[in-house]
Every structure is written in structure tokens, then in C-alpha cells.
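*Asks:* Below are the C-alpha cells for one structure; questions will follow.
No value in this document is a laboratory result; all are computed from the given coordinates. Owing to the predicted nature of the structure, the values given are computational and were not obtained by experimental measurement. Here the Cβ positions follow ideal geometry from the backbone for every residue, glycine too, while neighbour counts run over all protein chains shown.
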Amino acid sequence: MNQKSEIKIGVVVPAGSIVHEREFKRLHNEGVQFRFLGFAYPMNSSDFCTDFAKAMLPPIEEFKAWGAELVLIGCTTATMVCNAESWRTDLEKIAGVPIVTAASASRDAIAAFGAKSLAIASPYGDRANATVATFIKSLGVEIAVLKGQNIDRTLDNWFAQAPRMTGQDALEFSLTVDVPEAQAMYLPCTGVDTLEAIEPFEQRTGKPAFSSVQAGYWASLRRLGFDGRQQGYGRLLEVWDF
């Protein structure tokens, strides 16, 4: 894998979310610049994927002016809903650079591990969990168990609870969710801290674990031919090339 001296990656996140920025700073980013821009989530839309694509345009244009070599769209359920290849390639034509999404990165992580059965520990309620389940099943992967914490039941509850959730919280919850038949653990949300749960979970269970944020980091750097392998944040980043 060729190592570039420096690369620029633009990361689009839901407005107000700092999880990507906070977790990416914990990783070793020598030779990589990240820039984070928010977008307004389309609410009550009759054509969600069209409106979601429109919401991507202002940050994409700003990233183009900055010289980004790739754009990561860091929103899990939205990119699972809008996961058609044509949706992403249309945005790539506008951006002029590759686009990785939280959904595509999660798909690639599942393939890297060769997991045929997942345990999924999410902070979501039934509606978002149904989106995750539909996407995972579309990959031909079995869901051994999916449990959520329902903190998205109202916006007020989300904004009160999500910023206070820690990697230790994610670890403790994921350990209660895990079942023997699951081959890997998936932490799907980009709105809560999960990075520091991944390696402890792997050490406790012997199973691989990954999150949408961690997978987005991995898939983005790999797409640009950058070797970012490192220890301390899970098998995906330690092994790197599967």
C-alpha cells in the first residue's frame, strides 16, 4: 500500500455532533488532515434521499475548495436508507473525489471480518434499529441479536443523553447484548462515543468489534491508499489489510 505524505479528508456530520472529531483525534493521524462540517438533517421529508443529497452539497462544495481528496459522510441510518450506488456516485460526480459513507464503511468492515452473524448494540429506538436491521440483512448477514437503548425517543432526550455517553458505557452495554452465536459486535451510531469500547470488548470476548465511526476512518484511509494501522482501537485498525 502506498503511503502518501499528507492527505485531506472532509467529514460531513449531523449538525452539532463532535463524535467524529473527538474520536479521530484519539487516533494517530500523522500525514492526515481532517475537516469536519455539519449538515441539517432533513425532517419530515417526502423524498428523503433527494433532500439528504441536497443537504450534502454545501459541505461538499466547501471541501472541494479546501482540496479534500475524499469525503466521508458520517451518518449511519441516513446512509443506510440512501445506500443505492447511484446515490453515492451522483455525489461523487459533484465532489470530484471518492465518497465513503458510514453505511458503506460498515459493510466493508463486515466483509473484512468475514462475519456472517452480528450482535448489534445501538443507542437507537425501534425505528432506527429497523433501518439498521434492514440494511444488515440486505448484505446477507444474520442478526443474532439487536438491542437499543431508545435514547432517540425524543430530540430533547437525545441531546440530553448522547453527549454524556462514554466508551465505558458502550462497552458495558455491548457486553450485555452479546450472544454466543454472534461472530462480531457492531456499534452503529456516529452520535455517541464508542471507540474506547472496541478493544476491551474484543479482549473480553475474543470476537471482533467495530463501530460506524471507526469503520469510517479505516475505509476512508484505505480508499486513498494510506496505511493507518495502529494498536489500541480494535482489530480492524490493527490488522488493517484483510
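*Asks:* Any number yet on Rg/Rh for segment 105-211, C-alpha, Kirkwood?
*Replies:* In segment 105-211, Rg relative to Rh is 0.95.
*Asks:* Follow-up question, since we're still on this one. On full extension of the chain, what length is gained from Glu92 through Arg164, given 0.36 nm per residue of separation minus the C-alpha to C-alpha distance?
*Replies:* So the chain would gain 22.5 nm between Glu92 and Arg164.
*Asks:* When 1/r is averaged over all different Cα pairs and the result inverted, which Kirkwood radius in Å belongs to the chain?
*Replies:* 17.9
*Asks:* Please give the FRET efficiency for Ala130 paired with Ala40, using the beta carbon to beta carbon distance and R0 = 25 Å, rounded to the nearest 0.05. Intermediate values should be presented prior to the final figure.
*Replies:* On the way: r = 23 Å, r/R0 = 0.94.
After rounding, the FRET efficiency stands at 0.60.
*Asks:* Something else: From the P(r) of segment 5-147, can you give the percent of Cα pairs sitting at distances over 27 Å? All intermediate terms of the calculation are to be shown ahead of the outcome.
*Replies:* Values: 2425 of 10153 pairs.
Tail fraction, whole percent: 24.
*Asks:* Using R₀ = 30 Å, calculate the FRET efficiency as 1/(1 + (r/R₀)^6) where r is the Cβ-Cβ separation of Trp240 and Ser138; round to 0.05.
*Replies:* Values: r = 26 Å, r/R0 = 0.87.
My answer for the efficiency is 0.70.
*Asks:* Report the label-to-label distance for Gln231 and Glu85 in nanometres (one decimal), using points 7 Å from each Cα along the Cα→Cβ vector.
*Replies:* Label at Gln231, label at Glu85, 4.0 nm between them.
*Asks:* Here's a follow-up. Go through segment 1-108 and name the GluC sites (Glu not before Pro) that are in a DSSP coil and have 14 or fewer other Cβ atoms within 10 Å of their Cβ.
*Replies:* Of the GluC sites (Glu not before Pro), the ones in loops of segment 1-108 whose Cβ has at most 14 other Cβ atoms within 10 Å are Glu6, Glu30.
*Asks:* Okay, moving on. When only C-alpha pairs under 8 Å and at least 6 residues apart count, what is the relative contact order of segment 103-242, in percent?
*Replies:* 26
*Asks:* Moving to a separate point now. Would you mind computing, in nm to one decimal, how far apart the modelled labels at Glu172 and Lys147 are, each placed 7 Å from Cα along Cα→Cβ?
*Replies:* A separation of 1.3 nm, rounded to one decimal place.
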